[in-house]
Amino acid sequence: MLAVVAAGCEKIEFDRDYNKIISFADPNFRERITPYFDSNGDGYISIYEAEHGRQIPYGEKAELTVVIDCDNSDGTHTALSDIDEVRFFTNAQVLRFNGNNISGTLDLKKLKSLKEIHFTGNEGIEKIIINSAVKNLVIETDPGIEIEYYTDPEIN
């Protein structure tokens with residue numbers, strides 16, 4: 001940890017990894033979300049940028065929300081196959097990944113601000129892990145996907 005102290009201010013600590021660039025396994029995932037999370041315009045997404053995503057109006061009330069919208073149900077984009085790096089977007093509130101080629105287990109346990117997840121049309125998803133601290137979550141998935149609730153020992 002790196003500590004910064006200013007006269008008359010409280011101590012603020014920064015993790016050295018904050019400026020690290022996230023390496024995406026699926027370049028299509030990075031391409032789809034970079035315009036919404038790349039706040040410094042360098043073409044990459046750092047851990048800091050992922051954790052402090054830009055809020056956009058969303059839903060009926062157009063509330064400001066951190067949304068990762070990679071919906072491909074209409075087939076207009078290249079389908080995503082790997083979204084493991086979604087774990088860095090800890091303040092994400094809405095995930096929309098309908099109609100992609102995502103498979104395996106999705107580990108969303110670090111995303112504690114979730115309100116909605118949409119994962120229909122991804123025939124290979126077997127399990128989604130969600131933090132048990134998330135309440136009133138809207139879940140839209142295909143039948144047969146296991147939902148596992150993770151209890152964080154540091155919180156609960």
- request: State yes or no: is GLY43 without any contact (Cβ under 8 Å) to a residue 60 or more places away in the chain and surrounded by fewer than 19 Cβ atoms within 10 Å (Cβ to Cβ)?
  value: yes
message: Let me spell it out: the conditions are (1) of a type outside the set (Phe, Trp, Tyr); (2) touching a Leu at 6+ places or on another chain (Cβ under 7 Å); (3) more than 20 Å from THR141 (Cα to Cα), and ILE68 meets all of them except one. Which number is the exception?
response: (3)
message: For region 112-127, give me the residue count where each residue is over 18 Å from SER73 (Cα atoms) and surrounded by fewer than 19 Cβ atoms within 10 Å (Cβ to Cβ).
response: 4
- prompt: Does LYS109 qualify as being under 22 Å from PHE24 (Cβ atoms), modelled with pLDDT of 90 or more, surrounded by 14 or more Cβ atoms within 10 Å (Cβ to Cβ) and touching a strand residue (DSSP E or B) at 6+ places or on another chain (Cβ under 9 Å)?
  reply: yes
task: Kindly provide the set of residues from region 49-70 that are surrounded by fewer than 17 Cβ atoms within 10 Å (Cβ to Cβ) and either at pLDDT 90 or above or not hydrophobic (A, V, I, L, M, F, W, C) (or both), ordered by number.
output: GLU51, HIS52, ARG54, GLN55, PRO57, GLY59, GLU60, LYS61, GLU63, ASP69
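The values are calculated or read from the model by the stated rules, or taken from the named source; none is laboratory data. These numbers come from a predicted model, not from an experiment. All Cβ positions, glycine included, derive from the backbone under ideal geometry; neighbour counts span all protein chains shown.
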